[in-house]
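Engineer: Have a look at the structure that comes next, please.
Derivation of every value follows stated rules applied to the coordinates shown; laboratory data play no part. What you are looking at is a predicted structure, and each value in this text was computed from that prediction instead of being measured. Backbone-built Cβ (ideal geometry, glycine too); neighbour counts: all protein chains shown.
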Amino acid sequence: MQDWYVLVIEDDPDGQEVVARILRHQNIRYDVAATGEEALALAQSNPYTLAIVDLALPGLDGWGFLSAIQDDPATSGMPCVAVTAFHSPDVAIKAIEMGFMAYFPKPIDATGFIRELERIVTTG
């Protein structure tokens with residue numbers, strides 16, 4: 001995990017801190033973007049291992065970010081995982097169907113979150 005480089009896309013400062021704390025605890029390097037547009041610019045210029053994407057973002061939301069990543073050959077191989085405070089079974093199903101590798105409702109369970117990220121990174 002120490003060679004991972006993660007893009008965290010979260011507009012809420014508290015949400016940013018929760019994910020950042022989990023990643024720091026695992027010695028995982030990361031960048032934080034508060035908007036989908038900022039995240040796209042970062043994703044196009046950095047070799048991220050994966051992206052952790054809040055679905056509800058101002059402007060370009062998490063769904064739009066995923067679509068843009070999938071449409072760009074330079075970033076289409078980057079796994080994305082969804083996080084949201086607006087959890088429902090329908091949203092979880094849609095997230096996976098649209099191409100997110102995993103879905104996490106907030107608040108995030110740190111242990112399960114890291115285990116799932118490890119699975120995604122090691123199995124592709």
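Engineer: Of all residues in region 5-57, how many are in contact with a helix residue (DSSP H, G or I) (Cβ under 7 Å, 6 or more places away or on another chain) and farther than 15 Å from F104 by Cβ?
Structural biologist: Of the residues in region 5-57, 12 are in contact with a helix residue (DSSP H, G or I) (Cβ under 7 Å, 6 or more places away or on another chain) and farther than 15 Å from F104 by Cβ.
Engineer: Also: Quick one: which of V18, V8, V32 is closer than 19 Å to A95 by Cα and either among the charged types (D, E, K, R) or surrounded by 14 or more Cβ atoms within 10 Å (Cβ to Cβ) (or both)? Talk me through it step by step, then tell me what you get.
Structural biologist: Details: V18 fails: closer than 19 Å to A95 by Cα; V32 fails: closer than 19 Å to A95 by Cα.
Going through V18, V8, V32 in turn, just one is closer than 19 Å to A95 by Cα and either among the charged types (D, E, K, R) or surrounded by 14 or more Cβ atoms within 10 Å (Cβ to Cβ) (or both): V8.
Engineer: So which residues in region 89-119 are crowded, with 16+ Cβ neighbours inside 10 Å and touching a Phe, Trp or Tyr at 6+ places or on another chain (Cβ under 7 Å)?
Structural biologist: A92, A95, F104, F113
Engineer: Give the number of residues within region 105-124 that are in contact with a strand residue (DSSP E or B) (Cβ under 9 Å, 6 or more places away or on another chain) and assigned to a helix (DSSP H, G or I).
Structural biologist: The qualifying residues number 7.
Rundown of residues vs (1) closer than 20 Å to Q16 by Cβ; (2) acidic (D, E); (3) without any contact (Cβ under 8 Å) to a residue 40 or more places away in the chain, yes/no style:
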site: A68; (1), (2), (3): no, no, yes
site: D72; (1), (2), (3): no, yes, yes
site: S76; (1), (2), (3): no, no, yes
site: T84; (1), (2), (3): yes, no, yes
site: Y103; (1), (2), (3): yes, no, yes
